[in-house]
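Peer 1: Below: one structure in structure tokens.
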Amino acid sequence: MTITRILVANRGEIARRVFTTARRLGIGTVAVYSDADSGLPFVSEADLAVRLPGNSPAETYLRGDLIIDAARRAGADAIHPGYGFLSENAGFARAVIAAGLTWIGPTPESIDAMGSKIAAKELMSAAGVPVFGQIDPAAATEADLPMLVKASAGGGGRGMRIVRSLADLPGEVELASNEAASAFGDATVFCEPYLENGRHVEVQVVGDTHGNVLVLGERDCSLQRRHQKVVEEAPAPLLSDEVRTTLHEGARLAAAAISYVGAGTVEFMVSTSSTPGGETAKVSFLEMNTRLQVEHPVTEAVFGIDLVEAQIRVAEGGTAPSAPTHPRGHAVEVRLYAEDPAADYQPQSGVLDIFEVPAELAFEQFATYGSRLDSGFVSGSEVSTHYDAMLAKVIVWGPDRASAFRTLAGVLERARIHGLVTNRDLLVRLLRDEKILAGEVSTDFLGTFDLAGPTVGTSSAERAAVVAAAERDRAARRVQHGIPVAWRNVVSQPQRTMLRPLAGGEDTEVLWYGGRDGYRFADDVVVVSATADQVVLEVDGVRVTHTVRLIDDVAHVDSGLGSASYRMLPRFVDPAEQVSAGSLLAPMPGTVIAVSAEDGSEVEAGQTLLVLEAMKMQHSISAPGHGVVEIAVVVGQQVAAGDVLAVVSTDAEPATNEESA
Amino acid sequence: MTTETERRESMLTKIADLDAQTALAVLGGGERAVERHHKRDKLLARERIELLIDPGSAFLELSPLAGWGSDFTVGASVVTGIGVIEGVECLITANDPTVKGGASNPWTLKKGFRASQIAEENNLPTVALVESGGADLPTQKDIFIPGGKMFRDITRSSAARVPTIALVFGNSTAGGAYIPGMSDYTVMVKEKAKVFLGGPPLVKMATGEESDDESLGGAEMHARVSGLADYLAVDEYDAIRIGRRIVARLNQSKKGAATSGITFADPEQDPEGLLDLIPTDLKEPFDPREVIARIADGRSGTNGAVFDEFKPLYGNSLVTGWAKIHGHQVGILANAQGVLFSEEAQKATQFIQLANQIDVPLLFLQNTTGYMVGAEYEQGGIIKHGAQMINAVSNSKVPHLTVVMAASYGAGNYGMNGRAFDPRFLFTWPSAKSAVMGPAQLAGVLEIVAKQSAESKGQEFDAEGFSAVKAMVEAQIEEQSMPYFLSGMVYDDGVIDPRDTRTVLGICLSVIANKPIEGTDRFGVFRM
């Protein structure tokens, strides 16, 4: 049963990850792709690629029938599901096997056994794995607080809610149930104790058909935002040997209990508290993920094992690999998202103009300490609204935890990422945070962290943007090519360029002079050299080299002082194109799912006018002030970012617009 | 001999003074008038121009010191210059409403006429930024009759297929109403532009009709009723935006030699060195090749030599030869020893003919004390030879550029293409002096004549008494030969920092190329 060609029923970085190992092993590769993904690198890198018409997951990556048909047409003899989508769908696994293909994953029975969290907990408890008891919502008391309401099916934080007051419980249960029903098609939820300052620690296992279970240490994934992991590391910091042993042994028992085959992860909640008698730790089984995890590379780094290769060999009937008994060094991974942490983690979509991460490896296994980039996107890729907004994972393996964190922060800081707002700056600050460096990580850490971060002085980046743009304009001149920029024989005023920071914040006006001696500013900042893509400034005797990329009216600037992007605002706005004041614009592309204010009615500040669903999240659009509302959209309407959704006129009489008639 | 340091210090002092004089023009009607104007949500003349021209492009202001030394504000209540709008070189004029409401005085008129001449000679579309209270009435005798030329020039430009555009920001009444009236395109700013022949008081006096500004000449009325306004702008920015769109659609292209895509090198010598060249005493000559090395293109793939000198061994008080400036080939005539002899005059005549034969513009670098005098030279035919040179300069049809670097005395001013010979552009360095002769010589000549006159009348010449007259005349000539004075009279297009010479010439050569460059083979009879 030798696999010759693998189809990856997934997209983006995980597809590229599987392809990398497959190519190394001499196995052919097949991609499936939705319309929106047709330009992404995983499609062109595959030996063969099959289109799945449409964009929504339901039309594409969740269509098991189309994927099996694609495997048949492309001559694939095995299917790797990646993570997410159909990776934990026992029905799909059965269909793959029924189609005579090799399923690179656990048996459908294992998936079923762990698919229901309620049933799984009972099973694990019986096998001797430490498990918290469930709380019956109807019988809950103050003593049970705080508690967690969770969906029995699925994962990723959806359908999960923390309850701190008994009064909120019924409502939260209902909301969680609704969310679970819409996300996973199963409304079942359950309640369990919630551990404040709890840590999420998980154990990697690989089982084979010969009854072996290899335990590959643990990972700490406590740094989460809204139950989605952000920073992951191996081994977990500050765990006693006793707890570590409890976790490893629990994982082994869990895998053995269901005769697990393939790579899987057993997740635990760990809560440690210092008492006068020493440290006590509570450990409880959360769930088992019957698939490869996003964060698998940190385990690969410290154990020197290619987990995808292990999956393939086990699927072929081989044995689980042998591994060192202890991890070597320390590995840390971050998930780089196209999202705005300061704006409630709003996902971003659009063109990723520049994506250059100075990592040494791409998907390959570490041979020495260093950095690795697992990315689904490249410069110029379009990030669509249809799927998860994760751009890439960056992994660093170092001799110890402190040096791994330092190196990763440096790699991220030197990365050139432009076109979309990302969580990069937040990640860098997390990796340098003293508490985190001290190992004080918990799942609620980010809840109290300053997400926006300090505003860094960017006046040198602003100037570099303006100078680079002036150089570009000079090169594009139709007349007077060699004449110095903004030359004047009578100087009456500075040149003015208005910049709007794309990351948000106030518009700023850069005042500058051109002329015989080159660019000048009112202060003593010196322009040492300037081209359209590089501007060297001298600020207080320190030279700063800025790398600039100009795309139409947008300037992306990187330097040793940081990165910034600006839109250079036009000097003139055609009044016919101006939107009237009080216009509420769509913050992102999406669908109007509800209109709650009547057109022409009077509204109060903060009143919800309509709801937009975008990127699987609902955004309420509310009135900025008291006034009369004019609704510009209808329920079900698709809108693009920047479209006018409604106009609230603050004066009593409705706005007339006879000029443009 | 002066040292480089002395020359540099002297030149820097003169440049600082130039900046101070120019600042007067920028200040316009003064701080309070500027503040009042801004408070009305209005932009200054130069602010309007800065918005009108392409970002990062150059603006060559013309005659900024017009009116210097007169009773009127330096700058003559109007800004004129050449700017690039949507990639098209345009002649831009902007009234300065902070100076007596932008009213025109005799210097305004003279400066405006010069601007129209430049537009006409170089095929430049004109954009007028209008806000003027009309004529400065106390000086109406000097402006009413000649002022009609302003309107004549607009429509003649239009007839010559060179478009004219008026952006009206404020008052443009009475005679001023004909500026938008004669222009090809007119934009008026809502609630600000006011364009009528007669205002309410005049109408009341003339016909008894009761009226108001808006019904007589408001922007809305002209855009919707009279049709005088082609575009109604919501504000000043919008008017400028519309003005730029109009120019973008003018379908302009250069008729002369194209230089786009041609690469060229910077000068081989640092232009900064120009400050060290000009002796403080103009009697001391300097080598103009040092100037050429600092303003001409350096060697590159398309330029094998900086300066190919013509007739280097003949008439070496005048340097002639070919160079390139910003990729444009030019023929250069530059005084080397001040004095022009017969050989120099003949060499110049031949060189001007050569440039006409091959359609190459000429650049005159002036530092001349005039044609040589004395029996030997008169007998050698210096008048004939000087006349040949003036004949060639006068009838040459390739564009001429003149830079007065230092001395410009006597007929040397004519032969070296002074203002009367209509160079396309003439700029002056702060070190320049122009007069019929040097102040000391002129005073000395006066003394000799007075002495002869006294003697012929049998009177005794009062040498001591005359020395006071002599000193006064010398001072007066000295003052009147200074660059600001002559620039104030609009006898040049501006006084420039020598280090900007290459840039100014580069702009001028680019502007010149808007019209075909064609030399002539028809000169006056050369007296041999």
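Read-outs: derived from the displayed coordinates by stated rules, not from any lab. Note that the coordinates shown come from a computational prediction; the quantities given were computed from them, not determined experimentally. Note that each Cβ is placed from the backbone with ideal geometry, even for glycine, and that neighbours are counted across all protein chains shown.
Peer 1: Taking amide H positions as placed in the peptide plane 1.01 Å from N, state which residues far from residue A:78 in sequence (5 or more) or on other chains have amide H under 5 Å from it.
Peer 2: Answer set, sorted by chain and number: A:5, A:7, A:102.
Peer 1: Let me ask something else. Only loop residues by DSSP count here, and only those with at most 13 other Cβ atoms within 10 Å; note down the trypsin sites (Lys or Arg not before Pro) in the stretch B:140-249 that meet that.
Peer 2: Counting only loop positions with at most 13 other Cβ atoms within 10 Å, the trypsin sites (Lys or Arg not before Pro) in the stretch B:140-249 are B:161, B:249.
Peer 1: Shifting gears a bit: List the GluC sites (Glu not before Pro) in the stretch A:545-633 that DSSP assigns to loop (not H, G, I, E or B) and whose Cβ has at most 11 other Cβ atoms within 10 Å. Which are they? Please report the intermediate quantities before stating the final value.
Peer 2: On the way: sites: A:577, A:598, A:602, A:604, A:613, A:630; in loops: A:598, A:604.
Those satisfying the criteria are A:598, A:604.
Peer 1: Any idea how far the Cα center of the stretch A:96-111 sits from the one of the stretch B:375-415, in Å?
Peer 2: Here the two parts' Cα centres lie 101 Å apart.
Peer 1: Shifting gears a bit: Counting only DSSP beta bridges with both residues in the stretch B:287-394, what percent are antiparallel, rounded to the nearest 5?
Peer 2: 65 percent
Peer 1: Continuing with this model, one more query. In chain A, which whole DSSP H runs stretch at least 18 Å along their own axis (Cα) and average 0.0 or higher on the Kyte-Doolittle scale?
Peer 2: Those that pass (Cα extent of 18 Å or more, hydropathy at least 0.0) are A:169-184, A:401-414.
Peer 1: Order by neighbour count: A:481, A:546, fewest other Cβ atoms within 10 Å first, most last.
Peer 2: Lowest to highest Cβ neighbour count: A:481, A:546.
Peer 1: Under a point spin-label approximation (7 Å from Cα along Cα-to-Cβ), what is the residue A:620-residue B:6 distance to one decimal in nm?
Peer 2: 8.5 nm
Peer 1: Here's another thing I want to ask about it. For residue B:99, which sequence-distant residues (separation of 5 or more, or a different chain) have an amide H within less than 5 Å of its own amide H, given hydrogens modelled in the peptide plane?
Peer 2: It is B:29, by chain and number.
Peer 1: Inside 10 Å of the C-beta atoms of A:488-500, what's the mean count of C-beta atoms belonging to other chains?
Peer 2: The shielding value for this peptide is 6.
Peer 1: Please identify every one of the GluC sites (Glu not before Pro) in the stretch A:426-533 that sits in a loop by DSSP and has no more than 12 other beta carbons within 10 Å of its own beta carbon.
Peer 2: Within the stretch A:426-533, the qualifying GluC sites (Glu not before Pro) (loop, at most 12 other Cβ atoms within 10 Å) are A:506.
Peer 1: Moving on to the next point. Return the lysines within reach of residue B:311: Cα separation strictly under 17 angstrom, same-chain partners fewer than 8 residues apart disregarded; answer none if there are no such residues.
Peer 2: Within the straight-line cut-off, residue B:311 pairs with B:347.
Peer 1: Now for a different question. Along the Cα→Cβ direction, 7 angstrom out, place labels at residue B:174 and residue B:155. What is the inter-label distance in nm?
Peer 2: 2.1 nm
Peer 1: Would you pull out the residues with amide H under 5 Å of residue B:265's amide H, same chain only if 5 or more places away, H placed 1.01 Å from N?
Peer 2: Amide H neighbours of residue B:265: B:298.
Peer 1: In whole Hz, with x marking every Gly and Pro, tabulate ³J(HN,Hα) for the stretch B:510-523 from phi via Karplus 6.51 cos²θ - 1.76 cosθ + 1.60, θ = phi - 60°.
Peer 2: 5, 5, 4, 6, 6, 10, x, 9, 10, x, 10, 10, 10, 10
Peer 1: May I pose another question? Return the percentage of antiparallel bridges among DSSP beta bridges fully within chain B, rounded to the nearest 5 %.
Peer 2: 40 percent
Peer 1: Shifting gears a bit: Cut-off under 17 Å on the C-alpha distance; same-chain residues fewer than 8 positions from residue B:397 excluded. Which lysines are left, in chain and number order?
Peer 2: Residue B:397 reaches B:255, B:515.
Peer 1: I need the shape label for the stretch A:21-97. Rule: rounded when a/c is under 1.5, else prolate if a/b > b/c, else oblate, with a, b, c from the alpha carbon gyration tensor.
Peer 2: Since a/c reaches 1.5 but b/c is at least a/b, the shape of the stretch A:21-97 is classed as oblate.
Peer 1: Give me the orientation-averaged projected area of the Cα convex hull of the stretch B:249-320, in nm², one decimal.
Peer 2: Result: a mean projected hull area of 8.2 nm².
Peer 1: Something else: Would you please classify the overall shape of the protein assembly as shown from the alpha carbon gyration tensor, given that a ≥ b ≥ c denote the square roots of the eigenvalues, rounded means a/c under 1.5, and beyond that prolate means a/b larger than b/c while oblate covers the rest?
Peer 2: It comes out prolate by the Cα gyration axes.
Peer 1: Continuing with the same structure: What is the stretch A:261-344 by shape, rounded, prolate or oblate, if you read a ≥ b ≥ c off the alpha carbon gyration tensor as root eigenvalues and call it rounded for a/c under 1.5, prolate for a/b larger than b/c, and oblate otherwise?
Peer 2: Oblate, since a/c reaches 1.5 and b/c is not below a/b.
Peer 1: When we measure straight from the Cα of residue B:204, which lysines land under 23 angstrom away, once same-chain ones fewer than 8 places off are left out?
Peer 2: B:192, B:194
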